[in-house]
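Nothing in this text is a laboratory measurement; each read-out follows from the coordinates by a stated rule. Since the structure is predicted, the reported quantities are computational estimates derived from the model, not experimental observations. Using ideal geometry, Cβ is built from the backbone for each residue, glycine included, and neighbour counts are taken over all protein chains shown.
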Amino acid sequence: MKEVFTSRVLKSTILKNAFIKTATFEGMYKDGIPTQKLIDLHTAMAKGGVGLTTVSYGAVSPDARSFKHQMVINEQSLPQLKRLAESVHQAGGKVSIQLTHCGYFSKNTAVKRPLAPSKVFNEYGCLSGIWFSKAMTKADMAQVAEHFANAAKVLQDIGFDAIELHMGHGYLLSQFLSPWTNKRKDAYGGSLENRVRFPLEVYQKVAEKVGKDFPILVKLNLSDGFKGGFSLADCQYVAKKLENLGCAALVLSGGFTSRTPFYLMRGAIPLRGMIKNGTSLAEKITMALFGPFIIKKYKFTPNFFLEQAKTIRKTVKMPLVYLGGVDSKTGIEKIVAAGFEFIALGRPLIHDPNFLLKLKANEIEKSGCTRCNQCVVEMDRGGVRCVINDK
Ligand SMILES: Cc1cc2nc3c(=O)[nH]c(=O)nc-3n(C[C@H](O)[C@H](O)[C@H](O)COP(=O)(O)O)c2cc1C
């Protein structure tokens, strides 16, 4: 157990230990600008002992937001992000940010036809009146790649220690990877070699901008979690491609937000809260009537992605970040034994930012998080937090 608390290198960044706070949407923004709460949350993560804390969902352009109040990486948000980075550094930690484009996962009514690899039905945002996506042109692709690269560069310039490109969970780059949403007939669709082309172009454009020593992590699906989606064999292929490009580390996850949203989390479905949070009456009614049938439940088990992730461990030599259901000392020991260099956590750290300090000091063996998943509801109600702590 001791070895996970020793320092390790992620390209030019030295982390004090193996632990990463993974991106969990914080909802701590006012008109898209990070609030002091966001700074406090990531500072608390650094004080609580994570080597690297990841700010979630940095939209690379205004149309990259799934809904309007998300943060865009621009002149308005940068001053607060700079303060956030300084505060995390003062607390002895390092900071990364997840760069994302939602693709067609849009409830953002400012965008009539959200971008996607192909024209598809927007099951995520149809109840907000956004029915279909627009199939991206080559010019759209070039512009989006440019937006990713520019966002990465300005974050590097204001002191961020790493960035994470979101290629998972069904967001734009994942929509390209998935045969379920990529129906293109050109060099960017069809075979896996073609489907990975645009995500790799984005990666390369970002790497050119930030330089080869700056750590770029990639969050990648092990699988979309349903037949006809991106598979574990696809993940092996993409992982090798990213390894060849010099990617700093892969954060392995899974699921497709519009189809299998709880595949990546497991545990309870907080339906009542999700109904209340519906962005329109139609959405609330649909959720109440059909939610129990359309939102699939997945039982939580500790280290729920470990078996799939081990396949990728055998496929590549590059650093890998294990994520999903890490909640105890014994669980962590299994991950280390399986050869993962880094370990990421979400809910145990939302529940208690000092979880790792307590594990290290042998004060506890296990997280108190119950996977009630009410934190998912809270992120749209003024900020992600653990409701168990209210009791
Ligand atoms: C409240 C909440 C918000 C999340 N938001 C994001 C997000 O913005 N980006 C992302 O890639 N994953 C997001 N996730 C998924 C987590 O990164 C992680 O994959 C998942 O919680 C499983 O890890 P855990 O068992 O350690 O919680 C979110 C999870 C939770 C609970």
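When the Cα centres of the range 332-348 and the range 16-36 are compared, how far apart do they sit, in Å? That distance is 21 Å. Equivalent ellipsoid of the range 125-272: semi-axes from √(5λ) of the C-alpha gyration tensor, largest first, are 24, 19, 17 Å. Between amide H atoms placed 1.01 Å from N, distances below 5 Å from Ser253 occur with Leu220, Asn221, Leu222, all of them 5 or more places distant or on a separate chain.
Estimated from helical segments only, the mean residue ellipticity of the chain at 222 nm is -10000 deg cm²/dmol, where each DSSP H run of four or more residues counts as -39500 (n - 2.57). With all pairs of different C-alpha atoms in the average, the Kirkwood value for the hydrodynamic radius of the range 60-114 is 12.6 Å.
Using the average count of surrounding beta-carbon atoms within 10 Å as a protection proxy, the listed peptides 344-351, 4-11 rank, highest first, as 344-351, 4-11. Normalised by 2.2 N^0.38 Å, where N counts its residues, the alpha-carbon radius of gyration of the range 196-286 equals 1.42. Each other residue within a Cβ distance under 10 Å of Thr22 adds +1 if Lys or Arg and -1 if Asp or Glu, for a net charge of +2. Go through Gly246, Val218, Gln236 and say which Cα lies farthest out towards the positive end of the charge dipole of the range 154-268; charges sit on Cβ, +1 for Lys and Arg, -1 for Asp and Glu. After comparing all options, I get Gln236.
Projected onto planes of every orientation and averaged, the convex hull of the alpha-carbon atoms in the range 50-199 covers 9.1 nm².
By DSSP, the beta bridges lying fully in the chain are antiparallel in about 20 percent of cases.
Using a simple charge model, +1 on the beta-carbon of Lys and Arg, -1 on the beta-carbon of Asp and Glu, nothing else, what dipole does the range 36-113 show about its Cα centre, in debye to the nearest 20?
Details: 10 positive and 4 negative charges, 51 e Å.
Computed about the Cα centre, the dipole is about 240 debye.
If the chain linking Val336 and Lys112 were pulled fully straight, counting 0.36 nm for each residue of separation and taking away their Cα-Cα distance, it would gain 76.0 nm.
Considering only Ile97, Trp131, Leu115, and ranking their Cα positions along the charge dipole of the range 1-148 that arises from unit charges at the beta-carbon of Lys, Arg, Asp and Glu, the one farthest toward the positive end is Ile97. Computed over the chain, the convex hull of the alpha-carbon atoms projects to a mean area of 17.0 nm².
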